[in-house]
Amino acid sequence: MTAYVLGGLRTAIVTAGTKFKKIRPEIFGAEVLRALREKFSTVDEIICGNAVGTGGNLARLMTLTAGFDEATAALTVDRQCASGAAAISIGYAKISCGLADVIIAGGAESSSLQPLRVYNPNDERFNLTAVEVQGGYRTAQFSPDEFDALAMLKGAERVADAEKISRDEMDAWALRSHQRAAAAVENLREYIVDVAGVREDTGIKKNISRRLLERAPLPLGVGTKISAGNACRINDGAAFVVLASEKFVRENSLTPVAKILDMATCGVNPLESPRGAQVVADKLLTRNGLTYEELSAIEFNEAFAIIDVLFERSHPACVDKFNPLGGALAYGHPYGASGAILMIHLLESLKSHGLGLLSIAGAGGTGEAILIQA
């Protein structure tokens, strides 16, 4: 059975510790769900990606907060950075199998309210951490071969070294991301739901320059290349899309904005997790007998600019349609929500024409990609 996308909405993407710093993710996520409920009151299930929340079934709490009937099912998904895309993929699979007619899928993340967790004293890692209290930690372990709060940054640095990617190459993409995002502000306004009076993405720097990027701090120290300018910031935000079956679309005389054609997942070396975006995108296109040149728009999550550089090196002719609205280097990366943000931006870029692909790498060496037709 065919699964369609009927539309999507998101909050503004804001820097952690600022405008949403005291708003729980189920609250600002519920604002998006509430806005979608005004158009689609009958929903079989709500699936929400979340990576650094307080635990429990956040999707259920958010669903009830948004005012959906208590009979509405809810599921929380954790594939770290790829959680929102995974939520959409699960919704697509359920509708394709005839198990549901309408699913709202996406994600929400509050890095501002990311809790300090504590290992059980019987866990050997209890004695290896001391963030604020013995056994305390904020970053989960992603690989059996590495236990480090800076694992994601170090993984990106490894890829940059292995591929001989320079800081200059990465900074060039960071600049491009901000410039494209600044040019897209008005086009994206219709997708942003007001939360606490905020409807503007706060990370986009209209006046950024190469000189400013060259002065960005190096979190891993002197001599490294991953900087605060060519790596994404830490953010809060939520985004959801509405998926529907062909039966629901027909019976309600609806006009979808896109059709989901296929999705793919992958695993890569957990010590080099940024590679996941390219690997899973290649896998998905190969399975469908397509090339990047045949796509009208491509959205990769820019957790690190090395992802952009690797794509440009492999497909230089496709740079203009790669992240055409800018990416996470400008907007930011609210982990669990980013996959759905990519979908919304992809829908805007396609505007009822052509094939589009979104792809996102996840902490621990995973990847999730989705192929759509406008």
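What to note about this one:
- Which listed residue is at pLDDT 95 or above, over 30 Å from Phe248 (Cβ atoms) and among the small types (Gly, Ala, Ser), from Gly98, Gly107, Gly155, Gly136: Gly155
- Any hit, the stretch 74-84, residues being among the basic types (Lys, Arg), in contact (Cβ under 8 Å) with a residue 40 or more places away in the chain and buried (at least 24 other Cβ atoms within 10 Å of the Cβ): yes
- Hey, Leu254 over 24 Å from Tyr331 (Cβ atoms) and either within 17 Å of the chain's Cα centre (by Cα) or among the aliphatic types (A, V, I, L, M) (or both) or not: yes
- Filtering the stretch 10-31 to residues that are buried (at least 24 other Cβ atoms within 10 Å of the Cβ) and either part of a loop (DSSP other than H, G, I, E, B) or of a type in the set (Asp, Glu) (or both) leaves Thr11, Ala12, Ile13, Phe20, Glu26.
- Long-range neighbours under 8 Å by Cβ, at least six apart or interchain, first residue touching a residue at least 24 places away in the same chain (Cβ under 8 Å) and in a loop (DSSP other than H, G, I, E, B) within the stretch 54-65, second surrounded by 15 or more Cβ atoms within 10 Å (Cβ to Cβ) and of a type outside the set (Ser, Thr, Tyr): Thr54/Leu113
- Among the residues making up the stretch 296-342, those that are charged (D, E, K, R) and either closer than 19 Å to Ile165 by Cα or in a helix (DSSP H, G or I) (or both) are Glu302, Asp308, Glu312, Arg313, Asp320, Lys321.
- If you go through the stretch 140-194 and pick out every residue that is under 22 Å from Ile306 (Cα atoms) and outside any helix (DSSP H, G or I), you end up with 10.
- Any hit, the stretch 32-48, residues being assigned to a loop (DSSP other than H, G, I, E, B), touching a Leu at 6+ places or on another chain (Cβ under 6 Å), crowded, with 24+ Cβ neighbours inside 10 Å and of a type outside the set (Gly, Ala, Ser): no
- Cβ pairs under 6 Å, 6+ apart, first in the stretch 320-346 and closer than 23 Å to Gly364 by Cβ and in contact (Cβ under 8 Å) with a residue 24 or more places away in the chain, second hydroxyl-bearing (Ser, Thr, Tyr) and crowded, with 24+ Cβ neighbours inside 10 Å: Gly327/Ser177; Leu329/Ser177; Gly336/Ser83
- Residue in the stretch 171-182 that is in contact (Cβ under 8 Å) with a residue 24 or more places away in the chain, closer than 20 Å to Gly339 by Cα and either polar (S, T, N, Q) or in contact with a strand residue (DSSP E or B) (Cβ under 9 Å, 6 or more places away or on another chain) (or both) present: yes
- Filtered residues of the stretch 228-267 (kept if crowded, with 21+ Cβ neighbours inside 10 Å and either assigned to a loop (DSSP other than H, G, I, E, B) or modelled with pLDDT under 95 (or both)): Gly229, Asn230, Cys232
- Selection within the stretch 331-374 - β-branched (Val, Ile, Thr) and over 17 Å from Val185 (Cα atoms): Ile360, Thr366, Ile370, Ile372
- Selection count, the stretch 195-227, where residues are assigned to a helix (DSSP H, G or I), touching a helix residue (DSSP H, G or I) at 6+ places or on another chain (Cβ under 7 Å) and among the hydrophobic types (A, V, I, L, M, F, W, C): 1
The values are calculated or read from the model by the stated rules, or taken from the named source; none is laboratory data. These figures come from a predicted structure and were not determined experimentally. All Cβ positions, glycine included, derive from the backbone under ideal geometry; neighbour counts span all protein chains shown.
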